[in-house]
1. Give the aspartates and glutamates reachable from LYS138 as a straight Cα distance under 17 Å; neighbours fewer than 8 places away on the same chain don't count.
2. In square angstrom, what is the accessible area per residue of the chain with a 1.4 angstrom probe?
3. Which entry in (1) 5, 23, 31, 26, 12, 4, 0; (2) 5, 22, 28, 23, 14, 6, 2, 1, 0; (3) 6, 22, 26, 19, 16, 9, 2, 0 is this structure's computed P(r) over Cα pairs in 10 Å bins from 0, in percent?
4. State the extension gain, in nm to one decimal, for the chain segment bounded by SER173 and LYS71, taking 0.36 nm per residue of separation less the distance between their alpha-carbons.
5. Going highest first, how would you order 278-284, 123-129 by mean Cβ packing within 10 Å?
6. Figure the gain on full extension for ARG247 and SER126 (residue separation times 0.36 nm, minus the Cα-Cα span) and round it to one decimal in nm.
7. With the crude spin-label approximation of a point 7 Å out along Cα→Cβ, what separation in nm comes out for GLU325 versus ASP223?
8. Have a look at the range 173-325 and give its Rg and Dmax from the Cα atoms, expressed in angstrom.
Amino acid sequence: MKQSRFLLCWAVLFSCTFLFSPYLLQAAVVADSEADFTTAGEQGAGGWSYGYRVVEDGDDRATYDPKADFKTFTEDDGWTWNGASWDWAGGNVPWTQVAAASGHPNGSNNDEEQWVIRRWEAQVASVTPMAINWHLHKTNTNGGNGTSVSVHFNGERIDFGAVEGSDGDGIDSTVYANVGPGDIIDVALTPEGPDEGTGDGSDGSVWTVVFDNSVPGNATQPDGSPFVPANSEDSDGDGLPDGWEERFFPGDLSMLSADGDADSDGLTDAQEFANATEPNNEDTDDDGLKDGVEDGTENYVSAEMTGSNPRVADSDGDGLSDGAE
């Protein structure tokens, strides 16, 4: 009897140690901006890089070129690695800085803003549904109009949130994405407050992000729309997730098929899924152009291949809709 109790106690102890081990508790975390931040000023380690985006009057705040508009911090370009953070040499204007958890964007000084950016280039083998969990709060709470976090997926904004200048508690948000190999996710700290002002005043903040591959079955985006994981069930075997089909034609999986074109816009339903456009709406962004002629390449060929974005009514942000242009 004593031996049985001894073995039982060891079994319980082993089970609890296993179940509550740090490894298991962290098993779903794919990348963590604070934990992964190196103390050697490395760029690219674990897919992480650190830099900034210059924003001038009239620039599109929601969309940008993730390659051309992102500037990596380098000491040859006036930036200094001081052993704990990247900082503008001398610490004067622009007051732009990035540390493991904290940072400071440059407000509208010298006729430009500088957003500081934590960039993660996805280290995944195939398309993986992920939760992008971010946090923001002010560290300098004695002034200013506040700061914000702007999350961009391959240059397109997918989430945004701002805090007041005195908010030391901050906000948390989760946005979901089907992340493929090499996809670029930028989590930027900007000087824009809840009032949309960008004046530079005590903008020091903590902003962090964790990428997690545990996505609930009923995941909802911050705007209230449902998130459809790329690996969702496909009960009719047509190559389209049931959840995505149900979103547009509730209760009827027969309306969409990989080779079909339910809205007659020139894109197959499979292409609509890949492009994140609406298969029951020939003009997803309501810009006057059918989805099928907007290939998103930014290269205008003809009226049948405009190069504009089928999800953005004014792709170049100049005030004219793509259809009008």
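The values are calculated or read from the model by the stated rules, or taken from the named source; none is laboratory data. Everything numeric here is computed off the predicted structure, so don't read it as measured data. Please note: Cβ atoms are built from the backbone with ideal geometry, for glycine as well, and neighbour counts cover all protein chains shown. All accessible areas refer to the heavy atoms of the entire protein, side chains included, with ligands and DNA or RNA removed. Shrake-Rupley method; radii C 1.70, N 1.55, O 1.52, S 1.80 Å.
1. In chain and number order, the partners are GLU34, GLU164, ASP167, ASP169, ASP172, GLU192, ASP195, GLU196, ASP200, ASP203.
2. Ligands and nucleic acids excluded, the result is 49 Å² per residue.
3. Structure-derived value, by its label: (2).
4. Residue separation times 0.36 nm, minus the Cα-Cα distance, leaves 34.1 nm.
5. 278-284, 123-129
6. Result for the pair: 41.1 nm of gain on full extension.
7. 1.9
8. Calculated on Cα positions, Rg and Dmax stand at 18.5, 56 Å.
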